[in-house]
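Everything on this sheet refers to the single structure shown next.
Read-outs throughout are calculated quantities, based only on the coordinates presented, and are distinct from any laboratory measurement. Every value quoted in this text rests on a predicted model; they were computed, and no experiment measured them. Every residue, glycine among them, receives a Cβ derived from its backbone with ideal geometry; neighbour counts consider all protein chains shown.
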Amino acid sequence: MLVAPSLLSCDFADIKNEIKTVSSADMIHLDVMDGHFVPNISIGIPVVASIRKATDMVLDCHLMISDPEKYIPQFAKAGADIITFHAEATDDCDKLIDLIIECGAKPSVSIKPNTPAEAVFPYLDKLYMVLVMTVEPGFGGQKMIDACLDKVRAIKNEIKSRGLETVIQADGGINDATLLATVESGVDVAVLGSAVFAQSDRNAYIEKIQKM
Ligand code: DX5
Ligand code: ZN
């Protein structure tokens, strides 16, 4: 299992050092919220650019924003390696996937809990990753909606049956109580915010999950 700590739960005044405490992770998950697509505001382009200067780790940018096409080039330029937009935020996923590739990043699409798994099927062959939200996006520390793991299974089956290598990421409510079910559903990359940053030894916790 790959692990992507979400900096949403870190101390933003000390980001550089907080990143060092999760350096054994496979990528850093950056939650971008605009107060419109989701009812919360978090970080934006200048913060991603600063984080890019502070680390060589893979930056996985989760855009929970309206009009993602307006901002994708700027996030790519700021140094995002993987860019995830929400299927619910556009009526032309194909165009956004092409734009992300054109900008030199890896494309990924996310679906909220009420969006069916089939919504991503048409794009699987072009996508590096699918992000299945396991909570309603907007806030860390929520309880996982278990039914979302059924969508992971459905997407995994589709990926396998078509012989693709698309990676599945799950995000929201992943902790000791839900980790095993998450692994068993076929998730390749687990995003953990509050569960990781609550640990006294975060790297050791991450390494434990990587062995699952
Ligand atoms: C929620 C964000 C998540 C969040 C996860 O909208 O996309 O990445 O930080 O936090 P936890 O792991 O606490 O649910
Ligand atoms: Zn996220």
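Filter the chymotrypsin sites (Phe, Trp or Tyr not before Pro) in the range 120-166 to those in DSSP coil with at most 15 other Cβ atoms within 10 Å of their Cβ, and list the result. Please report the intermediate quantities before stating the final value.
Working: sites: 123, 128, 139; in loops: 128, 139.
Answer by residue number: there is no such site.
Residue by residue through the range 185-195, which ³J(HN,Hα) values in whole Hz follow from phi under the Karplus form 6.51 cos²θ - 1.76 cosθ + 1.60 (θ = phi - 60°), with glycine and proline marked x?
Karplus-based 3J(HN,Hα) across the range 185-195 equals 6, x, 5, 9, 10, 9, 8, 10, x, 4, 5 Hz.
In the chain, what % of DSSP beta bridges are antiparallel (nearest 5)? Present the calculation step by step, with values, prior to reporting the outcome.
On the way: 1 of 32 bridges.
In the chain, approximately 5 percent of DSSP beta bridges are antiparallel ones.
Per residue, how much space in cubic angstrom lies within the convex hull of the C-alpha atoms of the range 137-176?
Taking only Cα atoms, the range 137-176 has a hull volume of 82 Å³ per residue.
Put one equal scatterer on each alpha carbon of the range 2-210, apply the Debye formula with no solvent term, and list log10 I(q)/I(0) at q = 0.16, 0.18 1/Å to two decimals.
Normalising to I(0) and taking log10 leaves -1.03, -1.34.
Gain in length, residue 67 to residue 95, computed as 0.36 nm per residue apart minus the alpha-carbon separation, to one decimal in nm? Could you put the intermediate results ahead of the total?
Details: separation 28, 0.36 × 28 = 10.08 nm, distance 1.24 nm.
So the extension gain works out to 8.8 nm.
If you average 1/r across every pair of different Cα atoms in the range 14-87 and take the reciprocal, what Kirkwood value do you get, in Å? Provide the component values of the computation, followed by the final result.
Values: mean 1/r = 0.0797 Å⁻¹.
Averaging 1/r across every pair of different Cα atoms and inverting gives 12.5 Å.
Determine the alpha carbon to alpha carbon distance for each of 70/156; 95/151; 126/156; 126/211 and list only those over 20 Å. If you can, show how the numbers build up before the last one.
Values: 70/156 31 Å; 95/151 24 Å; 126/156 15 Å; 126/211 29 Å.
Over 20 Å apart, Cα to Cα: 70/156; 95/151; 126/211.
Order 186-196, 201-211 from most to least packed using the mean count of other Cβ atoms within 10 Å.
Details: 186-196: 23.7, 201-211: 15.4.
Result, highest mean first: 186-196, 201-211.
In nm, to one decimal, how far is the residue 102 label point from the residue 114 one, both placed 7 Å along Cα→Cβ?
Placing both labels 7 Å beyond Cα along the Cβ direction yields 3.2 nm.
Out of every Cα pair in the range 112-207, what percent are spaced more than 19 Å from each other?
Details: 1828 of 4560 pairs.
Of the Cα pairs, 40 percent sit more than 19 Å apart.
In what sequence, highest mean first, do 170-180, 33-43 appear when ranked by Cβ atoms within 10 angstrom? All intermediate terms of the calculation are to be shown ahead of the outcome.
Working: 170-180: 19.9, 33-43: 16.6.
In decreasing order of mean packing, 170-180, 33-43 become 170-180, 33-43.
Taking amide H positions as placed in the peptide plane 1.01 Å from N, state which residues far from residue 141 in sequence (5 or more) or on other chains have amide H under 5 Å from it.
Distant-sequence amide H within range of residue 141: 173, 194.
In whole Hz, with x marking every Gly and Pro, tabulate ³J(HN,Hα) for the range 23-32 from phi via Karplus 6.51 cos²θ - 1.76 cosθ + 1.60, θ = phi - 60°.
Coupling constants for the range 23-32: 5, 7, 5, 7, 6, 9, 9, 10, 8, 9 Hz.
So, R0 is 22 Å and r is the distance between the beta-carbons of residue 41 and residue 77; what FRET efficiency does that work out to, to 0.05? Numbers along the way, then the final one.
Numbers: r = 21 Å, r/R0 = 0.97.
Efficiency computed from Cβ-Cβ geometry: 0.55.
Which whole-angstrom value gives the distance between the alpha carbon centres of the range 105-135 and the range 10-79?
Cα centres, the range 105-135 to the range 10-79: 19 Å.
Kindly state, to the nearest 0.05, the FRET efficiency for residue 210 paired with residue 13, given R0 = 35 Å and r defined as their beta-carbon distance. Display every interim value, and only then the final one.
Values: r = 28 Å, r/R0 = 0.81.
Between residue 210 and residue 13 the formula returns 0.80.
Whole-Hz Karplus ³J(HN,Hα) for the range 56-62, in order, using 6.51 cos²θ - 1.76 cosθ + 1.60 and θ = phi - 60°, x for Gly and Pro?
After applying 6.51 cos²θ - 1.76 cosθ + 1.60, I find 9, 5, 5, 9, 10, 9, 9 Hz.
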